[in-house]
Amino acid sequence: MVQCTDKTRWDEFVRNSLQGSIFCQTAFLDALRVDYDTWLIEDKGKAQLGTVILRKGKEILPAPHGFTMYQGPMFSNYVNAQPLHTRTALILKLTEEFLANLSQHYYRLSFCLHYSHADVRGIQWFNYHEPHKGQFSFVLQYTGLLDLNQFKDLEDYLPNIRTTRRYEYRKAVRGGMKVESSKDIDTLLYLHRLTFERTGLVQTDEIAAMAKNIACAALNNKFGEMLVCHNPSGEIVSATLFLFDERCAYYLIGANHPAQRNSNGNTLLFMENILLSKNRGLRWVDTCGINSPFRGDFKTSFNAAPVPYFVVTWDDPTKSG
């Protein structure tokens, strides 16, 4: 196992891994303003398995970090392409070796696993014969995944979503609501704060700063786009920030003005982002979690399928941070 300090090499590994995503690429990681380590297991100089570890100094940050998903073990394209009978044994072997090595460097290992991890036994069996050394806890989570190959265009897509959403979309269009790309990050943060307050939460300075850093990095490095929705009077009523990599778009932030919730700007923006993702040639839209009833229902109403993933954490019982 080696620590990878070459950002270009690391990003190439992430892009070519089935489990890779924008959340593990260095342009995104740098925006988090935390320390991070990237590790690889190699065979004859070729990477086979890698992961990122987030930390603040010696403190290992628990997964998932704010505004992040899918920071966990990633297998190379070579591993993922092996026949099933070979791949199954190889994944178990690599995972066992990887976790054994990582546990010598850190007192905690915490990962948000990509939903494509079909076999997590290698993690489940960590310290199987020595349980006193600690084992991973598993928390089941769900995201909503929309397959963009299921439709050709807007008219092909609309019949597949909930009747209410079709009505809201058409009502917003008839009502003169307009969508445009924007770099007005302060407005995104303002609406995000209002959305937090409406649900009884607090947008702390830390949350606001992290959202701003990610939004700035996404727009400047072209791995994201911010859309805003105007009402006929020109007021911005809703805003979204979607990130994207080579395969997938991610619904990272959505925010609405509480006084304009009946304008259906959020529905119009979600639809526009889906169509933009389709036009970009992407395969998927990931709604980034459907783990609360109201938000989960809104996201799945656009025909996003519930897909499970795991957050796993191991703490060394003999050590502390």
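Derivation of every value follows stated rules applied to the coordinates shown; laboratory data play no part. Owing to the predicted nature of the structure, the values given are computational and were not obtained by experimental measurement. Here Cβ is always computed from backbone atoms with ideal geometry, including for glycine, and neighbour counts include all displayed protein chains.
One table, with the values for the structure above:
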| item | result |
| --- | --- |
| Under-5 Å amide H pairs with Tyr142, H placed in peptide plane, nonlocal only | Ile290, Tyr309 |
| Percent RCO, i.e. relative contact order, over region 194-321, from Cα pairs under 8 Å lying at least 6 residues apart | 17 percent |
| Under 11 Å, Cβ to Cβ, from Val237 - net charge with Lys/Arg +1 and Asp/Glu -1 | +1 |
| Calculated FRET efficiency for the pair Asp119/Phe294, C-beta based, R₀ 35 Å, to 0.05 | 0.60 |
| Reference-scaled alpha-carbon Rg (2.2 N^0.38 Å with N residues) for region 168-251 | 1.18 |
| Potential lengthening between Thr318 and Ala89 on full extension [0.36 nm per residue; Cα-Cα distance subtracted] | 79.4 nm |
| Calculated P(r) tail over 22 Å for region 2-135, as whole % of Cα pairs | 33 percent |
| Spatial extent of region 22-86: Rg and Dmax, with the Cα atoms as the point set, Å | 13.7, 41 |
| Total formal charge among the other residues, if their Cβ is under 14 angstrom from that of Ala100, Lys/Arg +1 and Asp/Glu -1 | -2 |
| Excluding exposed DSSP-loop chymotrypsin sites (Phe, Trp or Tyr not before Pro) (at most 15 other C-beta within 10 Å), longest clean stretch of the chain | 129-321 |
| Mean separation of Cα contacts under 8 Å (6+ apart) over length of the chain, as relative contact order % | 23 percent |
| In order through region 159-170: 3J(HN,Hα) via Karplus (6.51 cos²θ - 1.76 cosθ + 1.60), integer Hz, x for Gly, Pro | x, 8, 9, 4, 4, 4, 5, 4, 4, 4, 4, 5 |
| Angstrom value of the Kirkwood radius, inverse mean 1/r, which spans all Cα pairs in region 225-321 | 15.3 Å |
| Neighbourhood charge, 15 Å Cβ-Cβ cut-off, centred on Phe270 and excluding it, Lys, Arg +1 and Asp, Glu -1 | +4 |
| Extended-chain gain in nm, criterion 0.36 nm per residue less alpha-carbon gap, Ala305 and Glu246 | 19.2 nm |
| Amide H contacts of Gln48 (H built 1.01 Å from N, under 5 Å, at least 5 apart or other chain) | Ile41, Glu42, Asp43 |
| Diffusion coefficient, µm² s⁻¹, Stokes-Einstein with Kirkwood Rh over alpha-carbon pairs of region 145-307 at 10 °C and 1.306 mPa s | 99 µm²/s |
| Cα shape, region 138-206, gyration tensor, a/c 1.5 rule | oblate |
| Relative compactness, the chain, computed as alpha-carbon Rg over 2.2 N^0.38 Å | 1.05 |
| Region 2-135: relative contact order in percent, alpha carbon pairs under 8 Å with at least 6 residues between | 23 percent |
